[in-house]
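Report on the structure given below.
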């Protein structure tokens, strides 16, 4: 996605959120359909008390529950805890309903957005497989 594409989504109802170290940004099991982009600092993703990933500036999270909600309209829940990992963490929260509205009215933006989301999820899946099973071959 281009910076102009992101500007469209960011201008449609985004909010800045700030967190302190070890503060929970998103709690596993909570209803949620928003997307988050880290603008300063880093977060850790925790599942079952274990750190499974770390994300820094520019990274997006909340995509799984957003896509689940977007695809069938049912309530989606966060799949893991997201915890601030630095003294000062800032992020932009993109309201899922407003993102949906922007995508609904712009076919080119919708296409770019879903290609981006697919690439993001594939990269995270590859990393997870590598961490779980060792080096993997690219297909």
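How would you order 117-130, 20-33 from highest to lowest mean count of nearby Cβ atoms within 10 Å?
The peptides rank, most packed first, as 20-33, 117-130.
From Cα coordinates alone, what are the radius of gyration and Dmax values for the stretch 84-139 in angstrom?
Cα only, the stretch 84-139: 16.1, 43 Å (Rg, Dmax).
Take the chain, connect every pair of alpha-carbon atoms lying under 10 Å apart with a spring to form a Gaussian network, then pick out the residue of 106, 11, 81 with the largest mean-square fluctuation.
Of 106, 11, 81, the most mobile in the Gaussian network model is 106.
Of the labelled options (i) 58, 27, 24; (ii) 40, 40, 30; (iii) 48, 35, 26, which one gives Cα extents along the principal axes in Å as computed for this structure?
Computed from the coordinates, Cα extents along the principal axes in Å corresponds to (ii).
Gain in length, residue 86 to residue 107, computed as 0.36 nm per residue apart minus the alpha-carbon separation, to one decimal in nm?
Full extension from residue 86 to residue 107 adds 3.8 nm.
If each residue of separation counts as 0.36 nm, what is the full-extension length gain between residue 10 and residue 127 once their alpha-carbon separation is subtracted?
39.3 nm
On a full-extension model of 0.36 nm per residue, what is the gain between residue 50 and residue 116, subtracting their alpha-carbon distance, rounded to one decimal in nm?
Extra length from residue 50 to residue 116 when fully extended: 21.0 nm.
Taken together, the values in this text are just the output of simple stated rules run on the coordinates, not laboratory data. None of the values given here were measured: they were computed from a predicted structure. Because the Cβ atoms are built from the backbone with ideal geometry, glycine has one as well, and the counts that use them run over all protein chains shown.
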